[in-house]
Amino acid sequence: MLIVDCDPQANATSGLGVDPFAHQPNMYDVFMSFFDGFPDIFLDDVVIETGSGISLAPSSLDLVGVEPYLYNIEERAEILKAALSSVEDAYEYILIDTPPSMGQFVINGLVAAEKTIVTLDSGIFALKGIEALATIFDDIEENVGREIAADMAILTRWGNGSNPPTPIDKIAAFVKRMLYGGAAADNGATETKRLDAFEHEVKQLFPSVYTVPFDGKVYEAQQNGIPLSVFAPESAAARKYREITQAIRNW
């Protein structure tokens with residue numbers, strides 16, 4: 001499996017234990033090789049093997065400097081697709097990670113991918129992001145001539161998961177009961193209703209929707225630069241991601 005990190009924040013890179021500030025060829029070099037005056041760097045020139053056995057085309061903050069160049073060429077939406085053509089037969093799966101903000105890297109990822117997975121948290125602005133994404137889908141179809149559709153939504157950090165409350169959680173709950181009486185319980189019920197409504201609305205927009213419970217092991221795995229499936233394979237989130245992986249394999 002190959003992960004292609006096209007996000008200047010480089011979370012996928014650091015999450016796999018690779019330092020995004022290290023002086024190594026990365027996706028910045030791959031993108032810039034399409035412009036005159038820059039050396040020819042192919043995607044397989046930047047791929048490295050991580051400690052977990054996952055291949056990675058790393059990112060770096062330098063990737064921010066690519067986008068202004070992209071606006072100067074007509075075929076800017078298809079650069080990543082062209083770069084991937086040299087390695088696509090070498091991997092069973094290629095996962096493209098794009099930034100959360102809309103821009104040329106998201107468009108490149110959508111054009112290059114065969115399937116599209118959208119991750120959402122449970123915040124109130126997530127659905128507005130879906131509206132913006134739908135606009136990008138329409139723009140790609142109009143300008144590139146390719147129809148794009150989202151195949152799956154993953155709702156992350158959902159609810160409280162199965163993690164036991166920490167001492168701080170217990171103190172906070174006690175203070176809420178002391179200050180507000182039954183209001184704290186009412187707030188919990190209101191939040192549950194909001195999440196149910198949110199999930200229902202997302203299911204109207206995507207053919208396949210999965211919820212991944214909030215799980216502190218996710219953050220521990222990220223901090224250690226180890227995939228969750230290796231760091232805590234029996235955690236609640238890891239079990240859910242295995243279910244999602246199987247669904248993807250059945251596509």
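Give the percent of DSSP beta bridges with both residues in the chain that are antiparallel, rounded to the nearest 5.
10
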Running a GNM on the chain with Cα contacts under 10 Å, which residue among 222, 24, 204 ends up with the highest mean-square fluctuation? 204
If one builds a Gaussian network model of the chain from Cα atoms under 10 Å apart, the most fluctuating residue listed among 156, 190, 13 is 190
Rounded to the nearest 500, the 222 nm mean residue ellipticity computed for the chain from DSSP H runs (n ≥ 4, each -39500 (n - 2.57)) alone is -13500 deg cm²/dmol
Relative contact order [Cα under 8 Å, 6+ residues apart], the stretch 1-159, whole percent: 24
Whether the stretch 65-111 is rounded, prolate or oblate, judged on the alpha carbon gyration tensor where a/c under 1.5 counts as rounded: oblate
Decide, for the stretch 1-145, between rounded, prolate and oblate: order the square roots of the alpha carbon gyration tensor eigenvalues as a ≥ b ≥ c, take rounded if a/c falls under 1.5, and otherwise choose prolate if a/b is larger than b/c, else oblate. oblate
Please go through the residue pairs 81/115; 128/217; 81/203; 115/203; 193/240; 203/240 and name each one whose alpha carbons sit more than 25 Å apart in this structure. 128/217; 81/203
Give the angle, between 0 and 90 degrees and rounded to the nearest 10, that separates the Cα long axis of helix 167-180 from the longest principal axis of the Cα atoms of the chain. 60
Dimensionless Rg ratio for the stretch 106-155, taking C-alpha atoms and the 2.2 N^0.38 Å reference: 1.15
For the chain, taking Cα atoms only, what is the radius of gyration to one decimal and the Dmax to the nearest whole Å? 20.4, 68
What's the center-to-center distance, using Cα atoms, between the stretch 24-68 and the stretch 78-147 in Å? 18
Connecting C-alpha atoms closer than 10 Å in a GNM of the chain, tell me which of 27, 152, 102 has the biggest fluctuation. 102
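Since every read-out is calculated from the coordinates, none of them should be taken as a lab result. Computed from a prediction, not measured in an experiment: that's the story for all the values here.
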